[in-house]
Amino acid sequence: MDSTGQDINLNSPNKGLLPDAMTDVPVDTVGASQTPAAEGLTEAEEEELRAELLKVEEEIVTLRQVLAAKERHCGELRRKLGLSALEGLKQNLTRSWHDVQGSPAYVRTSETLGEWSERVSQSDLYKKTQETLSQAGQRTSAALSTVGSAISRKLGDMRNSATFKSLEDRVGTIKSKVVGGRENGNDGLPSPAGSGDKPLPGHEPF
């Protein structure tokens with residue numbers, strides 16, 4: 001058997017003994033059971049801290065019980081006043097939001113976002129982008145104005161053309177004939193053939 005190994009024979013007088021190679025390793029049984037926070041404390045200080053911890057934990061339990069009792073009493077009051085659970089939830093959310101807005105973390109976040117926004121607005125990239133968008137808007141407006149002018153000019157040219165004037169004269173002539181016929185009382189329709197101004201038979205004029 002290897003001399004450096006441990007004798008595990010239960011009947012051996014050397015059972016449970018460590019080999020010589022491991023007898024020089026120091027074993028701190030006290031430090032192994034202590035946490036890093038307890039290092040450097042005396043027994044009296046440790047006992048005092050443990051007693052204070054126990055007291056604080058008992059106070060926390062008591063406060064939780066008191067809070068639960070207060071919440072039950074608050075629910076009873078709301079029920080007697082006819083307030084719905086939705087209104088209570090709304091008030092709680094509003095109160096929570098106000099608490100969040102007043103918290104240091106929210107204030108620091110708002111300040112940080114404000115600083116970032118100011119930095120972005122002052123950056124060269126933001127300015128170039130804003131100028132590019134402004135120029136694009138101006139070019140679009142100019143293009144639309146040019147298209148509108150071209151359409152108006154085209155319509156004017158069409159009205160001044162010979163074809164449009166001939167069509168307009170024809171429409172005016174037809175309109176004049178229709179209006180003149182209505183003024184004469186025959187609606188522009190021809191009179192019956194052979195009627196003329198002759199009186200009907202059996203009816204002599206006076």
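The values are calculated or read from the model by the stated rules, or taken from the named source; none is laboratory data. The shown structure was predicted, so the numbers you read here are calculated from the model rather than taken from an experiment. We place every Cβ from the backbone using ideal geometry, glycine too, and count neighbours over all the protein chains shown. Just so you know, the surface numbers come from the protein's heavy atoms only, side chains and all, with ligands and any DNA or RNA stripped out. Shrake-Rupley method; radii C 1.70, N 1.55, O 1.52, S 1.80 Å.
Some values worked out for this structure:
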| quantity | calculated |
| --- | --- |
| Unique match (being surrounded by fewer than 10 Cβ atoms within 10 Å (Cβ to Cβ), among the charged types (D, E, K, R) and part of a helix (DSSP H, G or I)) among 70, 80 | 80 |
| Criterion: modelled with pLDDT under 85 and part of a helix (DSSP H, G or I) - qualifying residue of 166, 141 | 166 |
| Subset of segment 99-117 [among the aliphatic types (A, V, I, L, M) and surrounded by 10 or more Cβ atoms within 10 Å (Cβ to Cβ)] | 100, 107, 113 |
| Meets criteria (modelled with pLDDT of 75 or more, over 60 Å from the mean Cα position of the chain (by Cα) and not hydroxyl-bearing (Ser, Thr, Tyr)) for residue 175 | yes |
| All positions within segment 83-107 that are among the aliphatic types (A, V, I, L, M) and either in contact with a Cys (Cβ under 7 Å, 6 or more places away or on another chain) or in a helix (DSSP H, G or I) (or both) | 85, 86, 89, 93, 100, 105, 107 |
| So residue 14, is it more than 58 Å from the chain's Cα centre (by Cα), open to solvent by less than 90 Å² (accessible area, probe 1.4 Å) and at pLDDT 50 or above | yes |
